[in-house]
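Take a look at the structure below.
The numbers here are math on the coordinates, done by the rules we state, and not lab data. Bear in mind that the values here come from a model prediction, so they are computed numbers and not experimental data. Heads up, the Cβs are rebuilt from the backbone with ideal geometry, glycines too, and the neighbour counts pull from every protein chain shown.
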Ligand SMILES: NC(=O)c1ccc[n+]([C@@H]2O[C@H](COP(=O)([O-])OP(=O)(O)OC[C@H]3O[C@@H](n4cnc5c(N)ncnc54)[C@H](OP(=O)(O)O)[C@@H]3O)[C@@H](O)[C@H]2O)c1
């Protein structure tokens, strides 16, 4: 698949490593420009590009930048993507450590719904509670005992299937957490966030979530 990755940090870098290793055609972008991505490109074979070009022709685009940077993405950055592009959002709202106050989220809007509104496109929420090193260290073949499962939320069922199939290829099971209105169940501070478990454990953790945002996760 042609995959665009916007953000080349902990998560974006490791997704670039694994997705290129699986044979996908990966373009990767950061905020400082392609000339700062030569080491990652040499290591992985990914193509470093400006953000404006990252989604060009892509069937999957991963947005994996700090939440507060999402409004800075160039307008129309998804315009050249495949018509049915699946956009993965790995983001989390860290008001105290990084992102500052975002009023709509403080008022209860699910974080990925906020991102959808910023970029003007539906997203599939995935990897947001996954330790970045686990992307390299935890993959296991389908059916292996103890295979880690990741929760996935999104309203676009076709896009969600593309993402779940890709995560399976990456070596993880998935649990469908429903649409974006339910995506708070996998946000920071919930039982599933950062929890390494199999399908049944992840399902139970999603069920055990409560919607209040705790003090640690408020501005
Ligand atoms: N770290 C984890 O284990 C983890 C796990 C799950 C989810 N997450 C979430 O995933 C997101 C990314 O986390 P991370 O730890 O990978 O971040 P990170 O290591 O800080 O990397 C952020 C990347 O985003 C790029 N970036 C920032 N602003 C940008 C912009 N306006 N346009 C294009 N690229 C931009 C940065 O580029 P420059 O370096 O050039 O500025 C950098 O490559 C966050 O929302 C985080 O909460 C992180």
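In this label model, residue 96 and residue 36 are separated by 2.8 nm, measuring between points 7 Å along each Cα→Cβ vector.
Can you grab the distance from the C-alpha centre of the stretch 81-97 to the C-alpha centre of the stretch 151-204, Å, no decimals? Value for the Cα centre distance between the two parts: 14 Å.
Per 0.36 nm of contour for each residue apart, how much would the distance between residue 200 and residue 68 grow if the chain were fully extended, relative to their Cα-Cα spacing?
Details: separation 132, 0.36 × 132 = 47.52 nm, distance 3.31 nm.
Between residue 200 and residue 68, full extension yields 44.2 nm more.
Stokes-Einstein at 25 °C, 0.890 mPa s, Kirkwood radius from Cα pairs: D for the stretch 85-178 in µm² s⁻¹?
On the way: Rh = 14.3 Å.
It comes out at roughly 172 µm²/s.
Highest first, please rank the peptides 8-21, 190-203, 51-64 by the mean number of other Cβ atoms sitting within 10 Å of their residues.
51-64, 8-21, 190-203
Note on residue 218 and residue 10: with the Förster distance fixed at 35 Å, the Cβ-Cβ geometry gives a FRET efficiency of about 0.90. Estimated from helical segments only, the mean residue ellipticity of the chain at 222 nm is -8000 deg cm²/dmol, where each DSSP H run of four or more residues counts as -39500 (n - 2.57).
Panel note: the C-alpha atoms of the chain, placed on their principal axes, show extents of 43, 42, 31 Å (largest first). Here is the tail figure for the stretch 155-219: Cα pairs spaced more than 14 Å apart come to 62 percent of all pairs.
In plain terms, the chain from residue 104 to residue 158 could stretch by 16.7 nm, reckoned as 0.36 nm per residue minus the Cα-Cα distance.
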